[in-house]
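A quick write-up on the structure given underneath.
The values are calculated or read from the model by the stated rules, or taken from the named source; none is laboratory data. Keep in mind the model is a prediction, meaning the values are calculated, not measured. Don't worry about glycine lacking a Cβ; one is built from the backbone with ideal geometry, like all the others, and counts go over all protein chains shown.
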Amino acid sequence: MTDRVELERRAEELREQLHEASYWYYVRDAPRISDAEYDRLLRELRVLERDHPELYRPDSPTTRVGAEPTEQFEKVRHLAPMLSLDNAFDTDELRAWERRNARISSEVRDAGYMAELKIDGAAVSLLYEDGVLVRGATRGNGLLGEAVTVNLRTISDIPLRLRSKADIPVPPRFEVRGEVYMTLSGFETLNEQRTAEGLPTFANPRNAAAGSLRQLDPRITASRPLRFFGFQVQLDPTTGRELPLRTQAEVLDTLLAWGVPVNPVRAVCADLDRVIDFASTAESSRAELDYEIDGVVVKVLPLPLWDELGVVGEREPRWAIAYKFAPDLVTTRLEAIRINVGRTGSLNPYAVLEPVQIGGATVRLATLHNFEDVSRKDLREGDMVLVKRAGDVIPQVVAAMTQERSGAEQPFVPPDRCPACDSDLEQPADEVMVYCPNSSCPARIYWGLVHFVSRGAMDIRGLGERTVQQLLDMGLVKDFADLYYLTEEDLLRLDGFGQVSARNLLASIQASKDQPLSRLLVALGIRHVGIHAAQIIARAFGNMETLLEAEQEQIAALHGVGETTAAALYAFLRDPRNRDLIERLRRAGLKLREPVERAATQPFAGLTFVLTGTLPTLSRTAAKSFIEERGGRVAGSVSGKTDYLVAGEGPGSKADRAAELGIPQITEVELLELAERNESPD
């Protein structure tokens, strides 16, 4: 368990460092570490939790966007969550982001991108009602921000009243999302003034801007050289209205027409090659700007695809990513190569490094991805290695410094048996990962149970790693189903458990029985079945009984699932041991169904729809759900594969394209009638 203890220690150390950094960065506006270091620490923790879900904690900084509002300002709720962007630190990660999106929507690759400079400032939302600024707020924790309206009104860039535009009227109630920043020249002057007055200087323009926004005296804010760029429109979701805008480029142009400043350094890019060219130019010319940037924000251009791609974990949009500038590289010694056996049986090699400082953080571990990666890079224990720290943690070992070898370095020999249970290993023909196939492997059972009870799965509160280990050691559980047959007497045998804690845990276990089928599919730890695929599958089949009878082809036919996921799920469900496990879970009282209201039949099965314009009663989201719940698919653009165009007021170019292709155009009423007609037994 030494390796596990080391990972647990590192995760806890990262959480503590990030919490402390967030306090000084967001609350006190006096950073103790650099932004680059914070990004790297957060990335390290995120990758640790991704690769080892059992390390996740409810208070993890990875679940948060910014910090909680202080008590000095009124807390206000944004019209919709202000999301945080995932990062790509090189072209490979940027292209991997595109590939992930293309698995959800094949239209992504040809849709184009909007590239915008990533301003190093403070994110804010500006609420306008009837064109007048009525409230301004910081991002806060993403859901709640601090109302700093009076201070934001002192920034001359921010319009107090919007200019109207005849063809695109200002919505009655909406937010402008954007970034408040401080110019570099203004920052330098401000620090010179503070030095002359005997006051502490600001660490960087970003924190100077954030601190200026949160002054109790708005006259202080007014004296600071603050500027503003807008980049997004967020309508009030309760109105059900939509703007007749098709792309992010049109959003920026419309903001500018309304009088909202927009960064002029931006580009519509046909593909990622153009995005990379734009980012390269931006990085090389950043010294010419009077504000700080640390990368380029890349957004999928068509807005309809944003809804289709969705959001990861209610935190990060799939349709946008921050393409960060160059990473840090250092050299250190590779002391050892060790192996962790994960919950799916995957053998994950990692490097133990001679501790080295990268951007102010001490690095001791690095990812090696898989045995093929170790072999391809010819990594040997004792090598001096080049380590990349682009926020990727347990950072990546890039290469061995072969010219510095002494001859004492030891080549790494991959095991042919599981280091945890001594079983023969397997490697699927189409994968680079090596697996322990033994479902009774103690490492697999332990990590599987920890994952099963985690927040993203069955969410059984009070059942931590130490308790899981005790339950296994005492023979009280051997698999997931055993958890639901525990008694109060069983729990009272565990260290640290009294009657109250035992009853609380049993109540938490009981409550988890109501989790939807999609959460159970995630909890079971089926290879390739993540939360997005699990939701698609659960909504399509409705309950476990139907899913157990499904053929592999039926699962693979679901949009957004794919052959690999379907094959893994089908194989899992056909295994007699897993079917017995599911039956025991059913007998224990788990619901095993998805609580989504589904039509008795699938009237839109096999049909593809495109939505355009403003519908009379249904919002875009409601219309999309109506179609998908009846087996249909909603695409972002019109093509030869489109069966119907559902058109509302102001349909735009999609209607012209549909007319060219001879695709039927129907109204909202006709959509409802089509569903009713197809559901009819006649």
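Any idea how many residues of segment 622-637 are over 20 Å from T239 (Cβ atoms) and either outside any loop (DSSP other than H, G, I, E, B) or in contact with an Asp or Glu (Cβ under 9 Å, 6 or more places away or on another chain) (or both)?
Number satisfying all stated conditions: 10.
Can you name every residue in segment 440-498 that is basic (K, R) and touching a helix residue (DSSP H, G or I) at 6+ places or on another chain (Cβ under 6 Å)?
Passing the criteria: only R461.
Could you list all residues from segment 203-218 that are touching a residue at least 60 places away in the same chain (Cβ under 8 Å) and over 31 Å from the mean Cα position of the chain (by Cα)?
Within segment 203-218, Q215, L216, P218 qualify.
Which of the residues belonging to segment 593-618 are assigned to a loop (DSSP other than H, G, I, E, B), of a type in the set (D, E, K, R) and modelled with pLDDT of 80 or more?
Result: E594, single match.
Of (1) crowded, with 17+ Cβ neighbours inside 10 Å; (2) of a type outside the set (V, I, T); (3) in contact with an Asp or Glu (Cβ under 9 Å, 6 or more places away or on another chain), L671 satisfies all except one. Which?
Evaluating L671 over (1) crowded, with 17+ Cβ neighbours inside 10 Å; (2) of a type outside the set (V, I, T); (3) in contact with an Asp or Glu (Cβ under 9 Å, 6 or more places away or on another chain) leaves (3) as the failure.
Taking helices (runs of 4 or more DSSP H) that fall entirely within segment 411-520, which contain at least 3 residues that are crowded, with 18+ Cβ neighbours inside 10 Å and not assigned by TED's automatic domain parsing to the domain that holds I582?
442-452, 465-473, 499-511
Take M433 and tell me if it is farther than 30 Å from E372 by Cβ and of a type in the set (A, V, I, L, M).
no
If you take the residues in segment 392-410 that are of a type in the set (S, T, N, Q) and assigned to a helix (DSSP H, G or I), which one is farthest from the chain's Cα centre (by Cα)?
Q403
Hand me the list of helices (runs of 4 or more DSSP H) wholly inside segment 187-292 holding 1 or more residues that are modelled with pLDDT of 90 or more and basic (K, R).
Correct list: 272-284.
Just to be sure before I move on: is A336 assigned by TED's automatic domain parsing to the domain that holds T183, within 30 Å of V432 (Cβ to Cβ) and either assigned to a strand (DSSP E or B) or touching a residue at least 24 places away in the same chain (Cβ under 8 Å) (or both) in the structure I sent?
Here the answer is no, as A336 does not meet what is asked.
Determine, yes or no, whether I155 is under 23 Å from E74 (Cβ atoms), part of a loop (DSSP other than H, G, I, E, B) and in the same structural domain as G230 (by TED's automatic domain parsing).
yes
Taking segment 161-186 as the region of interest, how many residues are in contact with a strand residue (DSSP E or B) (Cβ under 9 Å, 6 or more places away or on another chain), modelled with pLDDT under 85 and of a type outside the set (D, E, K, R)?
Qualifying residue count for the region: 0.
Which residues, counting only those in segment 251-293, are within 30 Å of E649 (Cα to Cα) and either free of Cβ contacts under 8 Å to residues at least 24 places away in the same chain or of a type in the set (K, R) (or both)?
D253, L256
Sort out which residues of segment 219-239 are among the β-branched types (V, I, T) and either in contact (Cβ under 8 Å) with a residue 24 or more places away in the chain or crowded, with 19+ Cβ neighbours inside 10 Å (or both), and write them in order of number.
Across segment 219-239, the qualifying residues are T221, V233, T239.
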